[in-house]
Each structure stands twice: as C-alpha cells, then as structure tokens.
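Following: one structure in structure tokens, then a few remarks.
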Amino acid sequence: MTAVERLQDGPPRATWQGWVVTFAIAALAFLIRLPYLARPKNLVFDETYYPKDAWALLRYGYEANYVDGANDLIRDGKLGNLFKNGEAAYVVHPPLGKWLIAAGEWLFGMNSFGWRIPSLVFGTVMIVLVIRLGRRLSRSMFIGALAGFLLTVDGLQFVMSRTGLLDIFQATFLVAAVLCVVKDRDWFRHRLAAHLVARDLADLDGSFGPRFWIRPWRIAAGVMFGCAIAVKWNSMFVLATMGVMSVLWDVSARALAGARRRAWFALIADGLPAFVSMVVLAAAVYLSTWVRWLQTQGGYFRQWGADNPDARTVKWFGAPLASLLHYHHEIYNFHTGDYMAHQTHTYEANPAGWLVVQRTIGIDAVNDIKPGVDGCTATGSDTCLRVISGMGTPLLWWLGAIAIVAGLYFWFAKRDWRFSVPLVALLSTWLPWFKYADRPLFYFYAICIVPFTVIILAMCLGKVIGPVGSPQRRSRSLLVGAIVALIVANFAFIYPILTDQLMTRRQWLWRMWFNSWI
C-alpha cells in the first residue's frame, strides 16, 4: 500500500442510511427517557444546587442565596419570594452547565420538567456523538451503532439524562471534543494525500510538507473543550492528553508521507498552531461563559478588585478580571483544601470501584410506604418504596471493564491505534480522581467514562464477530447478539429503580445484588 493510499484511509463514506440508523437509535433513547421526566416534582440529590443556581442566573446574572425552605416553595410552585434580596451565593463550579439548565427553565418554567429537559436533550446528543465517533474509529457503521445502542441501555447514562445535574453536559461536550480531534486527524491526513496527488509525488522525499494553519476540526475541538471546562474544570485533563495525541498524530502522518526526520518538526510547526486552536481558544471560550457575571456588580467576589485596588492582579488585568481570578483561586482552594478532605458522605465511592459499579449513588427515595397507600401491594410486614438509583447497567459495565483490558492489549500488542482514542479519553477522565480520593467522590462522575467504555466494548465485540467472510462469523454474531440481549434484559430488570417506580421492598432487594449498592 502506497503512502497516499494509507493517508487516505478513513471511515466509510457517510450515507443517508447511516444517518437514519443514528437518529433512530437517538430517537429510541429519547423516547425511553422522556416518560415521567418530571417525576418526582421535588429537587432530588444535588438538584438542590444547580437548578436553583440556574434560576438565579436568569434573574440576576449570578448565583444568589435562597430563603430557608426554598425547595418546598419550588415544589409547590410558589416562586414569588425565593431569594434573599439578591445576596450572592458562593458556588464552586463554572456557569455554563447552569446556563444550559436555565435554558430549560426559561422555556418551561421553574419546575422539574424545565430543569431536567436540557439533560435529556444533551443525553440524547451524546448518543449521536458516540455513534459517529465509534463509526469513525472502527470504520464500521455497525460498530458505531452498537456503541450507541449500548449507551442507550446504560442505567447511569439513563439516570443522568433525567436529572438536573452538570455532569451530563460535561460528558457530552467531551465526547464532541474527542470526535472533533479524530475528525481533524483524518482531515489532516487527507490533505497531505491531496498534496502528494496534486504534485504527482510518491512521497515528500524528506521535505516537511505543507503547513495548514487553519484546521476547522481542531478549532471545533477547542470550542468543545472550552465548553466542557466551563461546566467542570477536570475536563482540562482530557484537553491535555488529546492535544498531545493530536500533535503526535501530525508527526506520524508526516513521517508516513515521507518527511523522514523532518516529521519531528511538526512538534513545533504543527504543535504551536494546535496550542492556539485548542488551548488558547478553549480558554477564550471558557472566559466568555463568565461574561454575564462580569457584567453584574453583585456576583460573589465581584467587588474584590474594587476593594483591593493595590493588588498586583488589579494593576495587571483591571478590577473585574482580577476579581474573577481571585474567585477562581478561592474555588481551587475549596476543591483541594483541607475542608473537603475532612468531609464524608453516605454515597461516596472510591474511583477504584467505578468501573465495576462497586458503589452506586442514591438520587432520591421515598421509603416505608404502607400497604394500600399510593397503590402499594405489599403484604404482611413488607412495605413499598420509590427510589432513583444512579446505577450503571451492571453486565454492561462488567463487560466494559474486561473490554478495557482487551483494548489495552489491542493498542499496545497489536498496534491498533483506534483503541488508543477511547482509552486515553477514558483514562484522562478517571485516573486524575485518584489524587483526590481522600475526599468524597461519587460514582455518577463516571458518566464521563461510560461513552468511551461502550465504544471500546463495541469494537471488542466487533473483534469477536470477525471479518467479513470468516467461516465462524455467523456463530460469533449469534454470541454477540446474545450478549447484547442479556445487557438489554439487565437494563430492563433495573429499570424500576432508575425511574422512581413503586415496588415492594422485597422487589427492590432483588435488585440490590451487593450491600454496597444499598
């Protein structure tokens, strides 16, 4: 195979049939997540923070403190006197995720449907992105569709798509950013091939080759990473690893095109524009999400610069930006300081157990519903309950953990670069948490892991099926079909504890396979 042919390698050409499959799976995901989205009507778990912050953003442009008993007032639709006269609230996450929740509240009101519908929309978009990323990596529409379908029947993604928290937005932006980085890889390699074809060259013959200052997909990646960071800061780890990987791909592509030693010049010649397109642009996007806070006068720490005119940052950047920098310094200290290190929580989960669903998260619960109340059919001493558990579909996650190990084998032993992308993205969202394992961490943070896990699992299942024409392909396809059917059955079995359905305590215990899930 010539250098041009290898550079021209890419995913199958997009077809309308592929888009029909993509949107059919997305529609399925949306439709099974939509029913009873507004139930329960009260704020559940950390919804006590973000939907309320979002409502304050709509009114003041910054997060404000609420009166005592605000959650009950919101549940009852009494929205007239929720705030303490615009008193600023100290919050520890950037504003973009809350602005997205605010969009739902602006459209549908300050109610459970309004603050959850943005999560449903983004959860559905995530499935579209996973399908397209899986397709692009595997060079197979079937594998991409399989990855998207597996994500559709994951319990954690299901619950996070129906809850007004920030993490579903972060995860969706991260998948979009990684997809853009991979699309940029193909774009760059195809441009190198086109350069050789236009000049009727077999290769670059030791020259560095053309420079591409404007790379649209790399710019798009910078925008998406900026948005992800503007939801939660730890998205920076994925930006760092994928940025390095992207530049190393440039070195590899130029070496393949025949640049030989000069291919390493790409670390500077391609690396500096990449830094501007991804890191500098991401920083600008991040800063833009604070514009409304900067425009106000009442945000938390907003007047710090004015109150400290002799501070060095005020002299360098001006009072508003200095105030924002001071706020960020305080937020960083909150996340990494001694205060959080001494906190505990009933549902804290060490990241070492996330991949195997060692400890789930309780989102909401109404216990001890007596027989005959609310349709409870319990008998004897049994009672009923309604719960929402943030639980990944166990069989999917356990197989995914095995697939991650297999993916590392295919990457390092078999030199299959396609596995490197979801593995690097997954590890970048997971391993940094171990540094902070001395403070409460929660399983639902793993929503940033599962999109990449299902891609790895789908590609491994593709390996099981084997290539077209293999004599064992039919029997292996049946095996993979059986595995997928078991995952769907497992999702259906835990569905009642994902959706606040009434069940007896005995029925609930059937689904609590380990004490750590209770």
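Could you tell me whether ALA378 is farther than 16 Å from ASP154 by Cα and among the small types (Gly, Ala, Ser)? Answer is yes for this residue.
Are any of the residues in the stretch 257-280 open to solvent by less than 50 Å² (accessible area, probe 1.4 Å), in contact (Cβ under 8 Å) with a residue 60 or more places away in the chain, closer than 25 Å to ALA198 by Cβ and not in a helix (DSSP H, G or I)?
Taking every residue of the stretch 257-280 in turn, at least one turns out to be open to solvent by less than 50 Å² (accessible area, probe 1.4 Å), in contact (Cβ under 8 Å) with a residue 60 or more places away in the chain, closer than 25 Å to ALA198 by Cβ and not in a helix (DSSP H, G or I).
When you look at GLY469, is it without any contact (Cβ under 8 Å) to a residue 12 or more places away in the chain and either exposed (fewer than 14 other Cβ atoms within 10 Å of the Cβ) or part of a helix (DSSP H, G or I) (or both), yes or no? Here the answer is yes, as GLY469 does meet what is asked.
Suppose the filter is of a type outside the set (Phe, Trp, Tyr) and touching a residue at least 40 places away in the same chain (Cβ under 8 Å); does GLY380 pass it? Considered against the rule, which asks whether it is of a type outside the set (Phe, Trp, Tyr) and touching a residue at least 40 places away in the same chain (Cβ under 8 Å), GLY380 comes out as no. Quick check on my filter: what residues within the stretch 407-418 are in contact with a helix residue (DSSP H, G or I) (Cβ under 7 Å, 6 or more places away or on another chain), without any contact (Cβ under 8 Å) to a residue 24 or more places away in the chain and not acidic (Asp, Glu)? Matches in the stretch 407-418: LEU408, TRP411.
One line per residue, one yes/no per condition, for (1) part of a helix (DSSP H, G or I); (2) in contact with a strand residue (DSSP E or B) (Cβ under 6 Å, 6 or more places away or on another chain); (3) without any contact (Cβ under 8 Å) to a residue 24 or more places away in the chain:
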{"position": "ASP46", "(1), (2), (3)": "yes, no, no"}
{"position": "ASP53", "(1), (2), (3)": "yes, no, no"}
{"position": "ASN81", "(1), (2), (3)": "no, no, yes"}
{"position": "ALA103", "(1), (2), (3)": "yes, no, yes"}
{"position": "MET110", "(1), (2), (3)": "no, no, no"}
{"position": "LEU137", "(1), (2), (3)": "yes, no, no"}
{"position": "ILE143", "(1), (2), (3)": "yes, no, no"}
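Among the residues of this structure, ALA194 counts as one that is without any contact (Cβ under 8 Å) to a residue 40 or more places away in the chain, over 29 Å from the mean Cα position of the chain (by Cα) and open to solvent by 20 Å² or more (accessible area, probe 1.4 Å). Tell me which residues, restricted to the stretch 285-316, are of a type in the set (Lys, Arg) and in a loop (DSSP other than H, G, I, E, B). Selection gives ARG302 alone. For ASP500, indicate whether it is open to solvent by less than 20 Å² (accessible area, probe 1.4 Å) and among the acidic types (Asp, Glu). Yes, satisfied.
The residues listed here are MET236, MET242; of these, the one that is of a type outside the set (Phe, Trp, Tyr), assigned to a helix (DSSP H, G or I), open to solvent by 60 Å² or more (accessible area, probe 1.4 Å) and within 30 Å of LYS98 (Cα to Cα) is MET236. Pairing residues of the stretch 88-100 that are surrounded by fewer than 22 Cβ atoms within 10 Å (Cβ to Cβ) with residues that are among the acidic types (Asp, Glu) and in a helix (DSSP H, G or I), at Cβ distances under 9 Å and at least 6 apart in sequence or on separate chains, gives ALA89/ASP53; TYR90/GLU330; VAL91/ASP53; VAL92/GLU330; HIS93/ASP53. Here the condition is being modelled with pLDDT of 95 or more, of a type outside the set (Ser, Thr, Tyr) and either open to solvent by less than 10 Å² (accessible area, probe 1.4 Å) or not in a helix (DSSP H, G or I) (or both); of LEU156, LEU179, it holds for LEU156 alone. Residues in the stretch 506-518 that are buried (at least 17 other Cβ atoms within 10 Å of the Cβ), in a helix (DSSP H, G or I) and among the basic types (Lys, Arg): 0 in all. Inspect all residues belonging to the stretch 61-70 and state whether any of them is modelled with pLDDT under 95 and polar (S, T, N, Q). There is no residue in the stretch 61-70 that is modelled with pLDDT under 95 and polar (S, T, N, Q).
Counting only residues that are open to solvent by 40 Å² or more (accessible area, probe 1.4 Å) and either in contact (Cβ under 8 Å) with a residue 40 or more places away in the chain or over 21 Å from ALA378 (Cβ atoms) (or both), the stretch 484-494 holds 5 of them. Among residues of the stretch 419-435 that are closer than 18 Å to ALA352 by Cβ, those with a beta-carbon under 7 Å from a residue that is outside any helix (DSSP H, G or I) at least six positions away or on a different chain give the pairs LEU426/ILE449; THR429/ILE449; TRP430/ILE449; TRP433/LEU441.
Looking across TYR36, TYR90, one residue alone is assigned to a loop (DSSP other than H, G, I, E, B) and touching a Phe, Trp or Tyr at 6+ places or on another chain (Cβ under 7 Å). It is TYR90. Looking across the stretch 420-454, the residues that are out of contact with any helix residue (DSSP H, G or I) (no Cβ under 7 Å at 6 or more places or on another chain), part of a helix (DSSP H, G or I) and not aromatic (Phe, Trp, Tyr) come down to LEU427, LEU431, LYS435.
Of ARG302, ARG292, all but one fail to be in contact (Cβ under 8 Å) with a residue 40 or more places away in the chain and within 21 Å of ALA228 (Cβ to Cβ); the exception is ARG292. Screening PHE444 against (1) touching a strand residue (DSSP E or B) at 6+ places or on another chain (Cβ under 7 Å); (2) open to solvent by 10 Å² or more (accessible area, probe 1.4 Å) leaves a single unmet condition, (2). Can you confirm whether GLY209 is part of a loop (DSSP other than H, G, I, E, B), small (Gly, Ala, Ser), crowded, with 19+ Cβ neighbours inside 10 Å and more than 33 Å from the chain's Cα centre (by Cα)? Spelling it out, GLY209 is indeed part of a loop (DSSP other than H, G, I, E, B), small (Gly, Ala, Ser), crowded, with 19+ Cβ neighbours inside 10 Å and more than 33 Å from the chain's Cα centre (by Cα).
Residues considered: PHE452, PHE442. Of these, the only one that is of a type outside the set (S, T, N, Q) and closer than 17 Å to TRP233 by Cβ is PHE442. Residues in the stretch 45-57: is at least one of a type outside the set (Lys, Arg), within 25 Å of ALA365 (Cβ to Cβ), within 26 Å of the chain's Cα centre (by Cα) and surrounded by fewer than 17 Cβ atoms within 10 Å (Cβ to Cβ)? Yes: one or more hits.
The helices (runs of 4 or more DSSP H) found entirely in the stretch 317-416 that carry 2 or more residues being surrounded by 15 or more Cβ atoms within 10 Å (Cβ to Cβ) are 319-336, 394-412.
The values are calculated or read from the model by the stated rules, or taken from the named source; none is laboratory data. The model shown is predicted, which means the values in this text are computed figures rather than measured ones. Neighbour counts are summed over all protein chains in view; Cβ atoms, including those assigned to glycine, are modelled from backbone coordinates with ideal geometry. To get the accessible areas, we keep the full protein, side chains included, count just its heavy atoms, and leave off ligands, DNA and RNA. Shrake-Rupley method; radii C 1.70, N 1.55, O 1.52, S 1.80 Å.
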